[in-house]
Amino acid sequence: MSNLLKYPGESSNDSLPPEAKAAAHSRRTFLFKLSVLLNAAVGTVLAVPLVGYLLGPAVKKDASVGAWVNLGRTDDFPVGETRLVDFLSPVNSLGDGETAKVACWVRRISEQRFQVFAVNCAHLGCPVRWFAESKLFMCPCHGGAYYQDGSRAAGPPERGLFEYHTKLDGEALLIHAGNMPTLATQASCKEKPLVQIAPAEAATRSTSWQA
Ligand code: FES
């Protein structure tokens, strides 16, 4: 084999018999193809979550906003009790893992009437806890308290707990979870109904109770 046909770093094997040269060549070819294959596999494994992270929100947003999520059978919620459940956020992305789970409090008022509250305090968002004995939701961060119907009882929160829209589908309890209940999005708040403000309008428009 001439020097021009040698692989980089290859020592001279001109003295080898033709069979040994062929074997060495096919071994190098095999190892080269194997390394290309492994690189391609590693590249694919790294690319899938990256592409999912970049494109996931754009692809899922339209389909997820306005989604109704099943919280379970109505039998799971005894009348007069308030229970903590979690559900998979419809706006989750590839790789969210456990963080895609969203907790909420479900209160069953009667056979057909439910209230579902966001678990986050309306002050700064700490998760509130339900105390059945006192029938209060309490926030551990700054002492915010809410009555069993989610309305504000005491502390720094300026309003009640955010509440999901609910509906029954046969034996299933559904909540409207596509839009998370925040001050900027629609959430049912009996005393001061929140108004959905489009981002473009937000700077020039006040909410109904501010007017
Ligand atoms: Fe709940 Fe401040 S976050 S009272």
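What follows draws every value from the coordinates through simple rules; no lab data is involved. These numbers come from a predicted model, not from an experiment. Here the Cβ is made from the backbone with ideal geometry for all residues, glycine too, and neighbour counts use every protein chain on show.
Quick rundown of the values:
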{"quantity": "In the stretch 111-171, GluC sites (Glu not before Pro) in a DSSP loop with at most 15 other beta-carbon atoms within 10 Å", "calculated": "E111, E133, E158, E171"}
{"quantity": "Spin-label pair S26/V51, simplified geometry with 7 Å Cα→Cβ offset, distance in nm", "calculated": "3.6 nm"}
{"quantity": "Where labels lie 7 Å past Cα in the beta-carbon direction, separation of D149 and T99 in nm", "calculated": "3.7 nm"}
{"quantity": "Label-point separation in nm, K33 to L124, each point 7 Å along Cα→Cβ", "calculated": "6.3 nm"}
{"quantity": "Environment charge at K135 (Cβ cut-off 13 Å; Lys +1, Arg +1, Asp -1, Glu -1)", "calculated": "-1"}
